[in-house]
Amino acid sequence: MAEKMNRSMTGLMMLVGGGVLGAGLGLLFAPCAGEKSRKKMMRMGKTISNRSDRVMRDISDRLDDLADSMSSMSGKAGRFMHLR
């Protein structure tokens with residue numbers, strides 16, 4: 001039981017240490033000042049949001065078209081089967 005707890009604590013300490021190390025390296029090698037980086041991230045976020053909205057609308061339109069086509073085909077198949 002103690003060994004399991006020890007492994008869990010070691011894993012947790014490694015996770016925290018990695019986070020601190022990553023944050024430090026990120027600050028050390030950051031290409032811009034904080035405000036400039038935040039503005040860039042906001043622009044990137046808006047661009048990604050706009051693109052994903054367009055993609056979702058396009059997919060939705062295509063699925064609507066597919067549903068209409070399938071409905072039309074279903075009606076035609078039903079009429080064809082009644083003719084036999």
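The values are calculated or read from the model by the stated rules, or taken from the named source; none is laboratory data. Model, not experiment: these values are computed from the prediction. Every residue, glycine among them, receives a Cβ derived from its backbone with ideal geometry; neighbour counts consider all protein chains shown. Just so you know, the surface numbers come from the protein's heavy atoms only, side chains and all, with ligands and any DNA or RNA stripped out. Shrake-Rupley method; radii C 1.70, N 1.55, O 1.52, S 1.80 Å.
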_Protein-only accessible surface order, largest first, of 59, 48 at 1.4 Å_ = 48, 59
_From the coordinates shown, percent of Cα pairs over 18 Å apart corresponds to which of [x] 55; [y] 75; [z] 34_ = [y]
*For segment 15-22, 3J(HN,Hα) per residue [Karplus equation, 6.51 cos²θ - 1.76 cosθ + 1.60, θ = phi - 60°, Hz, x = Gly/Pro]*: 5, 5, x, x, x, 5, 4, x
*Between residue 3 and residue 51, how many nm apart are label points set 7 Å from Cα along the C-beta direction?*
5.0
*Cross-link partners of residue 46 among aspartates and glutamates (Cα-Cα below 19 Å; sequence separation of 8 or more within a chain)*: 35, 58
*Where the only charges are on Cβ atoms (+1 Lys, Arg; -1 Asp, Glu), what is the dipole of the chain about its Cα centre, to the nearest 20 debye?*
180
*the chain, accessible area per residue, ligands and nucleic acids excluded (1.4 Å, Å²)*: 95
